[in-house]
Amino acid sequence: MLTSTKNIFPSFSTELVKEIETNAVIQSFETDTVIIRTGQYIKNTVLVISGKIKVYREDENGGEFFMYHLQPGQACAISMICATKNEKSQIMAKVVEDVELIMVPLPLMDKWMMQHRSWYEFVIDTYRSRFEEVLEVIDNIAFRAMDERLEFYLKRHAEVCGCKELKLSHQEIATELNTSREVISRLLKKMEQRGLVTLYRNNIELLK
């Protein structure tokens, strides 16, 4: 397992990988499992080995505000912050593709920050990357119309999966962009007329 962990997290030193494999716990979760809920205390941070997780905010009415995805080789910066400060989670995290995770307990996180330079740099880089992604989301809401936000959203999903065919329903997109399904359907139809996408049932193909 040493080699596979090193392949997924190439920046980790050999010593750190050995500690992870000795002390951390590996867990698997199926699609649609909520692994972090708003209001809960977080005692572990998660490192993604395989699969994909959606991180989002949820309002009191069940509305969603999509923030970013977590993929293999990544960790959730917000869960790190909440765990370190012993604060309740302000986000939700749900599995969108079956995942395998390394669960790192809080005491190990603190210990590794002092003992392993590669872990320290990984944590700082995780904070920076997630902060930049959240800024992109904020910029989209503040400065872009819904049609531009939709195009950005689709391109971002394509980058995450490395594919052109996105298995997304109109309702799913509407939920994550905090708008109505009718608005998304209308805008997608306009994109199809412009030759940007081809629409199928619960499937969208990006052409450009």
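Below, the figures for the structure above:
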read-out: Sequence-distant residues sharing a close amide H with residue 92 (under 5 Å, placed H); value: 56, 57, 58
read-out: Cut-off 12 Å between beta-carbons: net charge of the residues surrounding residue 79, Lys and Arg +1, Asp and Glu -1; value: +4
read-out: Coil-residue trypsin sites (Lys or Arg not before Pro) of segment 1-80, DSSP, other Cβ within 10 Å capped at 15; value: 37, 43
read-out: Candidates 75, 83, 142: whichever shows maximal mean-square fluctuation once the chain is modelled as a Gaussian network with Cα springs under 10 Å; value: 142
read-out: Percent accessible area from carbon and sulfur atoms, the chain, protein chains only, probe 1.4 Å; value: 50
read-out: Solvent-accessible surface ranking, highest first, for 49, 26 at 1.4 angstrom; value: 26, 49
read-out: Length-normalised contact order for segment 143-206 - Cα pairs under 8 Å, 6+ apart - percent; value: 33
read-out: The chain: most fluctuating residue of 38, 22, 175 per GNM, C-alpha cutoff 10 Å; value: 22
read-out: Descending Cα extents along the principal axes, the chain, whole Å; value: 56, 36, 30
read-out: Solution diffusion estimate, µm²/s, Stokes-Einstein, segment 70-173, Kirkwood Rh from C-alpha pairs, 4 °C, viscosity 1.567 mPa s; value: 81
read-out: Cα gyration tensor shape for segment 1-115, rounded if a/c is under 1.5, else prolate or oblate; value: oblate
read-out: The chain: relative contact order as a whole-number percent, Cα under 8 Å and 6+ apart; value: 21
read-out: Separation in nanometres of the label points that stand 7 Å from Cα toward Cβ, at residue 190 and residue 98; value: 4.0
read-out: Using a Förster distance of 30 Å, the FRET efficiency for residue 201-residue 40 (Cβ separation, nearest 0.05); value: 0.25
read-out: Choice from 158, 145, 93 showing the highest fluctuation, given a GNM over the chain with Cα pairs closer than 10 Å; value: 145
read-out: Overall dimensions of segment 143-206 as given by Cα atoms, namely Rg and Dmax in Å; value: 10.6, 31
read-out: Extended-chain gain in nm, criterion 0.36 nm per residue less alpha-carbon gap, residue 183 and residue 50; value: 44.5 nm
read-out: Mean accessible surface per residue for segment 1-115, computed with a 1.4 Å probe while every protein chain stays in place, in Å²; value: 49
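The values are calculated or read from the model by the stated rules, or taken from the named source; none is laboratory data. The shown structure was predicted, so the numbers you read here are calculated from the model rather than taken from an experiment. With ideal geometry, Cβ positions are generated from the backbone for all residues, glycine too; neighbour counts draw on all protein chains shown. Ligands, DNA and RNA are excluded from the accessible area calculation, which covers all protein heavy atoms including side chains. Shrake-Rupley method; radii C 1.70, N 1.55, O 1.52, S 1.80 Å.
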